[in-house]
Structure formats: structure tokens, C-alpha cells
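Below: the structure, in C-alpha cells.
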Amino acid sequence: MWGNKKIRSSKIETLIGQSIEVDGDISFNGGLHLDGTVKGNVTSENASNSVLVVSEQGQISGDVRVPYAVINGTINGNVYASEKLELSHKACITGNVHYNVLEMASGASVNGNMLHENKERQLLEHKTQPVEQQEEPEQEVNEVALAKSGFSGG
């Protein structure tokens, strides 16, 4: 959708067509593209590059647990995206959404709580300097602003 960090491309190994309805849980590795209906939980096995793509026609009635997901259909259940979740403009989720990184297009809807879950590994990758060094410039800026306003801190 936007930005430089697109969801990692994963080979689509499973396709559930528009006329297919699955009653039961699905566990997958790699890529799953859903155009049909699943009445059950959708879970990726312990594969860090697993991707779920739910098209505009796709529907899931159950919980979703995947590292990466691109949703443009309907999900009635909780969504757990441990790495990245993309909600396209026709996405409709009724349930809580647990995410690490979220991209949400105008028109997407979530009827539930949005719960951001930081991953320690990714937080450490983004820091370029220790927290103490980051806070000092802010304090200097605040002191300069106070001096310009004529306020004396004494």
C-alpha cells in the first residue's frame, strides 16, 4: 500500500476460490489467498514469512493468527498479526485487532479494539542512539523556549 516496508512477498501455495466454503480450522505455511469463505480459525504454522491475503470476496468467521496479512474482505473474529497488517479500503473486521505494524486505508473498518503490540527486536533496530542522548536536545530546546518567553525558572 504505502511506505517502503511492503509485506514480504511469499509464494502463494494455497488458493481458496470464491465458490469454496470451508467448515473448520485452517493451518498453513507460506502464502494463503482467500476468495471464498472459512468458518473456523485461520492460523499460520511457525513460519515467519507466512502471508494471508483475504480478497474483497473473502470471508472468515473465526480468529486469524498470522505474521503478515493483507485484508480486503470480511473477518468476524479477532486478528493477531505479529509482524504487519494491511487493511485495504474494503476491509471489515468485527473483533479485536492485535498488530505490530499497521497500514489502514481510508474506508477500512474495525469494530473492536485496536491493540498495538511492540516487538522488542524491532524497537531496538529503529533506535540509533541511547535514550539519554535523545532527551538532552529536547531539554535544551525547552530551555531556549523559556528564555525567549521571558520566563525565569528561579
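Computed from the coordinates by the stated procedures, all read-outs in this text should not be read as laboratory data. Quick caveat: nothing in here was measured; it's all calculated off a predicted structure. We place every Cβ from the backbone using ideal geometry, glycine too, and count neighbours over all the protein chains shown.
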#### Entry: Spin-label pair N113/E21, simplified geometry with 7 Å Cα→Cβ offset, distance in nm
3.3 nm
### Query
With Cβ to Cβ distances under 14 Å as the rule, what net charge do the other residues near K39 carry (K, R +1; D, E -1)?
-4
### Query
Measuring from a point 7 Å past the Cα of N96 along Cα-to-C-beta, which residues in the range 38-68 have an amide N at less than 16 Å?
62-66
#### Entry: Per-selection Rg to Rh, the range 12-117 - Cα, Kirkwood hydrodynamic radius
0.92
